[in-house]
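Heads up, the thing below is written out as structure tokens.
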Amino acid sequence: MELRGIGVSPGVAVGQALVVEREAVPVFRLLLAPEAVEGEVQRLTRAVEASQKQLLAIKERLAREVGGRHAYIFDAHLLMLEDPLLLDRAVTVIREDHVNAEWALRTVAEQLHALFDEFTDAYLRERSTDLDDVLGRIQINLGGAADSPSLSRLPGSFVLVTEDLTPSEAAELDWERILAVAMDAGSPTHHTAILARSFGIPAVAGLQDATRRVPPGSLIVVDGTAGRLVVEPTAPTLEGFRAVQQRHRQEEERLQATSALPAVTRDGVRVRLQANAEFPDEADTALLYGAEGIGLFRSEYLLGRAREWPDEKRQLDVYRRLVELMRPHTVTVRTWDVGSEDLAPGGPTSPNPALGERSLRLLRRAPDAFRVQLRALLQASAHGALRIMFPFVAGPADLAEARGLFEEVRQELRREGLPFDERVPIGVTVEVPSAALTADLLARGADFFSVGTNDLIQYLLAVDRTDPRVSAHYQPLHPAVLRAVRATVEAAGRAGIPLSVCGEMAAEPATALVLVGLGVTELSMSPAAIPRVKAALRGALAAHLKEVAEACLGLPTAAEIEARLRGELADVLAARPVFQAE
Ligand code: PEP
Ligand code: MG
């Protein structure tokens, strides 16, 4: 079986599929060694016992606080826990199929749901929600045990097959054991795709129903260059993929050898190439690929699965480690770019999260979260070159509000006698069209700009960056995008403040060259993208790039702009499409 999607991180990987189902907790299937089976049965029994204890405690508390009348619901839950239909069956599945307890429970849940669906009595049918409640509790208790497999403690290497990953799930994932990622959702600028590129792991997005169609544990191949996923390949197919994999590795090694070379055009224009990072450990990868600093640290990955704001000390440790590792280079940390759902997990989300209560818009509701982050960031600035960047700024009023809080925090630290860099630069991510249009005004209150083209394109062109169905409309080379970048570059130039581009446009050689033609001299991207962009730059003439960009600004469609680019820059660009959309 072959599935087609969008190649979002190049390379080929072959491995066993780890299919993640999104339930109360992610559930996946593992094949157990025969000697591990009885231990697994015990793990399940312990989780059921823990669930019983918790339910009894809840029942007693409820009886105390609101009277016995309401506590009866928990009797039903307790009865379910004792029902042989549930536990005995799950134990049988573990023993017969040699699978982990989580998967066995899920299998039994499916059987029981089918049974409930057959009831004609509506009351009885509705009891299936009680069943979910009870099963969810056991699943959570299974996850809590120190010896349980989890996404952060995988017992082998796998190809991850998932609908999508939230930043907090991604933060927990045992990336060293992930060979490749296959996603139902997504597109090249989806955060999981960006992450896969950061780790240099092949990835395919937009597969739509891979989580349903790929059998857990099956052997699969992910080709992140061509956007293909093959289940149980034949021997000749596998051989073909192995050859492609080998060529890709050789090419990577060749490119990595350029890490010490400067990013300079043939006519001497120096471009600073920095890395985007989500985790502090990526600093090493960034340096390996020759990054001259971290141009964007996406701090929201620190929230973790519990979605709790990390305290000041934990954040200070992370930011401090980052600036120390990257010394003498600069680290640019972006303040929280999260949605309201991250404030109240499970609570109501915005009807349209991309346009909702996001990033700085949460400042009024959660000022302490921002205050703590700014306190940690300012203190980290005493240990190395750090810049603070506010995302999702829609205009000067947003910036003024964020700066107001920053000023309060500075005074607080001064009063407390805590050291920090008094001149720590404050910048704006230009990613909302209104920010690009008011760039001249924003430049008065900002020390630097970083253009976030991922969101800028999404909002300028009204295209959801995560929806594979509209990925053909997501056009980095749309004339509106080039004009918005150009206007922002000019405003920064007139105000004399530095500007970089940190969106994925910086990471593709073709679009990176246009950006340089538009006057951009700092680019920040996934570390693994640096060598290719550098190679393209070293082969190009800045004066020519300027001419080409000027010509592109006068063309009416993305297709014509791309054709012109490819024609003019054929010698420095490999013949690959701009983003590997279909
Ligand atoms: C962007 O929007 O271009 C950006 C760099 O930030 P993110 O991808 O995290 O939204
Ligand atoms: Mg953004």
- Item | For segment 272-322, accessible area per residue (1.4 Å probe, heavy atoms of protein chains only), Å² | 36 Å²
- What are the lysines whose alpha-carbon lies under 20 Å from the alpha-carbon of Lys546, with same-chain residues fewer than 8 places away excluded? Lys534
- Can you pull the percent of segment 315-452's accessible area that's carbon plus sulfur, 1.4 Å probe, other chains left in place? 53 percent
- Item | About the Cα centre, charge dipole magnitude for the chain (Lys/Arg +1, Asp/Glu -1 at Cβ), debye | 1700 debye
- Query: Do you know the relative contact order of the chain, to the nearest whole percent, from alpha carbon pairs under 8 angstrom that are 6+ apart?
  - Reply: 15 percent
- Message: Need the list of aspartates and glutamates near Lys313 for cross-linking: C-alpha distance under 17 angstrom, and skip anything on the same chain fewer than eight residues off.
- Response: Glu300, Glu324, Asp368, Glu412, Glu416
- Item | MRE, 222 nm, helices only [DSSP H, n ≥ 4, -39500 (n - 2.57), over the chain, to nearest 500] | -14500 deg cm²/dmol
- Message: About the Cα centre, and with charges only on the beta carbon of Lys, Arg (+1) and Asp, Glu (-1), how big is the dipole of segment 336-435? Nearest 20 debye, please.
- Response: 180 debye
- Task: State, to one decimal in nm, how far the label point of Thr237 lies from the label point of Asp317, with both points 7 Å from Cα in the Cβ direction.
- Result: 4.6 nm
- Task: Determine the dipole magnitude for segment 427-562: charges of +1 sit on the beta-carbon of Lys and Arg, -1 on that of Asp and Glu, nothing else is charged, the reference point is the Cα centre, and the result goes in debye to the nearest 20.
- Result: 240 debye
- Message: With Kirkwood's inverse mean 1/r over C-alpha pairs for Rh, give me the Rg to Rh ratio of segment 335-456, two decimals please.
- Response: 0.98
- Task: Measure off, as a whole percent, the carbon and sulfur share of the 1.4 Å-probe accessible area of segment 178-239, all protein chains present.
- Result: 54 percent
- Message: What whole-number volume per residue, in cubic angstrom, does the convex hull of the C-alpha atoms of segment 199-309 give?
- Response: 168 Å³
- Considering only Asn454, Ala551, Ala570, whose Cα is most displaced toward the positive end of the charge dipole of segment 428-582, charges sitting on Cβ of Lys, Arg (+1) and Asp, Glu (-1)? Ala570
- By how many degrees, 0 to 90 and rounded to 10, does the Cα axis of helix 396-416 deviate from the longest principal axis of the chain? 80 degrees
- Can you tell me which of 250-259, 199-208 comes out highest on packing, and rank the rest after it, using the mean Cβ neighbours within 10 Å? 199-208, 250-259
- Item | Virtual spin-label span in nm between Phe116 and Ala551, 7 Å along Cα→Cβ | 6.5 nm
- With a 1.4 Å probe and every protein chain left in place, work out the accessible area per residue of segment 470-582 in Å², rounded to a whole number. 36 Å²
- Note on the structure: Expressed as a whole-number percentage, the relative contact order of segment 484-569 with C-alpha contacts under 8 angstrom and at least six residues apart is 27 percent
- Ranked output for segments 231-239, 294-302, 375-383, 356-364 by mean other Cβ atoms within 10 Å, highest leading, reads 294-302, 375-383, 356-364, 231-239
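The values are calculated or read from the model by the stated rules, or taken from the named source; none is laboratory data. Quantities reported herein were computed from a predicted structural model and do not represent experimental measurements. Ideal geometry is used to build each Cβ from the backbone, glycine not excepted, and the neighbour counts take in all protein chains shown. Calculation scope for accessible area: heavy atoms of the full protein, side chains included, ligands and nucleic acids excluded. Shrake-Rupley method; radii C 1.70, N 1.55, O 1.52, S 1.80 Å.
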